[in-house]
2 protein chains.
Amino acid sequence: MVQFTQTRLDASFSALSDATRRGVLERLGRSDASITDLAEKFHMTLTGMKKHVGILEQAGLITTEKVGRVRTCKLGGRALQDEAAWIDKHRRLWEARFEALDRLVEDMKRKEKRNERRKG
Amino acid sequence: MVQFTQTRLDASFSALSDATRRGVLERLGRSDASITDLAEKFHMTLTGMKKHVGILEQAGLITTEKVGRVRTCKLGGRALQDEAAWIDKHRRLWEARFEALDRLVEDMKRKEKRNERRKG
């Protein structure tokens, strides 16, 4: 289960590491679109866009459906929950460490002031 | 500026797309560590760990400092703000679309019930 989540996070963060793919997700956040629409919007060949769409689909971030000659793309159901959870958990750890560092610096400043007052 | 953020997001999401590198960030969330410590913890050669550390450092997620023969790694100052912001914005869009879909389904159900009552 843990291994499964790790593999999924590998795939989804990798899918997110490209500005065009992030743009496609933003675009699909507004409405579904065909690969032709997406290729036009991002000034790209159909082949290039198909590759990006394939990576997003494999990562489970979008789904596609072919009706006749048109393949329509829509957002997948997962909505980046695991990715957001990982980043949030990590940020909390990170902030806790910076707060501890802040407290340490404040503490040192207070001690320094006390010593100065004693000397003065 | 926008281009700069996009390039940074490319690098940081790419850095996050590997379970070992996410593990290194989690480990550094608890305390600073040398590359040797990290290589041991993740059962990896020094060369392999140096490569991962280099990718995390280039993405601005960690900083390293060499004192004598030991290179110490610590979390960078950015704490994944931009990455969290991108994912949050995207999730909001996504949820809004699913809510709109839910409302549509509810609406259809209500209409259906009303029609059934009229017939009955």
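Going through B:Asp88, B:Asp37 one at a time, which residue ends up being within 18 Å of A:Arg91 (Cα to Cα), surrounded by 13 or more Cβ atoms within 10 Å (Cβ to Cβ) and of a type in the set (Asp, Glu)? Sole residue among the options that is within 18 Å of A:Arg91 (Cα to Cα), surrounded by 13 or more Cβ atoms within 10 Å (Cβ to Cβ) and of a type in the set (Asp, Glu): B:Asp88.
Residues are listed down the side, and each one gets a yes or a no for (1) hydroxyl-bearing (Ser, Thr, Tyr); (2) out of contact with any strand residue (DSSP E or B) (no Cβ under 6 Å at 6 or more places or on another chain); (3) at negative phi:
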{"residue": "A:His43", "(1), (2), (3)": "no, yes, no"}
{"residue": "A:Thr47", "(1), (2), (3)": "yes, yes, yes"}
{"residue": "A:Gln58", "(1), (2), (3)": "no, yes, yes"}
{"residue": "A:Val70", "(1), (2), (3)": "no, no, yes"}
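No other residue among A:Thr20, A:Thr45, A:Thr64 is more than 24 Å from the chain's Cα centre (by Cα) and of a type in the set (Val, Ile, Thr) apart from A:Thr45.
Condition check ((1) among the charged types (D, E, K, R); (2) surrounded by 12 or more Cβ atoms within 10 Å (Cβ to Cβ); (3) within 9 Å of another protein chain (Cβ to nearest Cβ)) across all residues:
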position: A:Arg21; (1), (2), (3): yes, yes, no
position: A:Met44; (1), (2), (3): no, yes, no
position: A:Thr47; (1), (2), (3): no, no, no
position: A:Ile62; (1), (2), (3): no, yes, no
position: A:Leu104; (1), (2), (3): no, no, no
position: A:Asn115; (1), (2), (3): no, no, no
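Throughout, read-outs are computed from the coordinates displayed, never taken from laboratory work. A quick note: this is a predicted structure, and the numbers were derived from the prediction, not measured. No Cβ is skipped: glycine too gets one built from the backbone with ideal geometry, and neighbour counts run over all protein chains shown.
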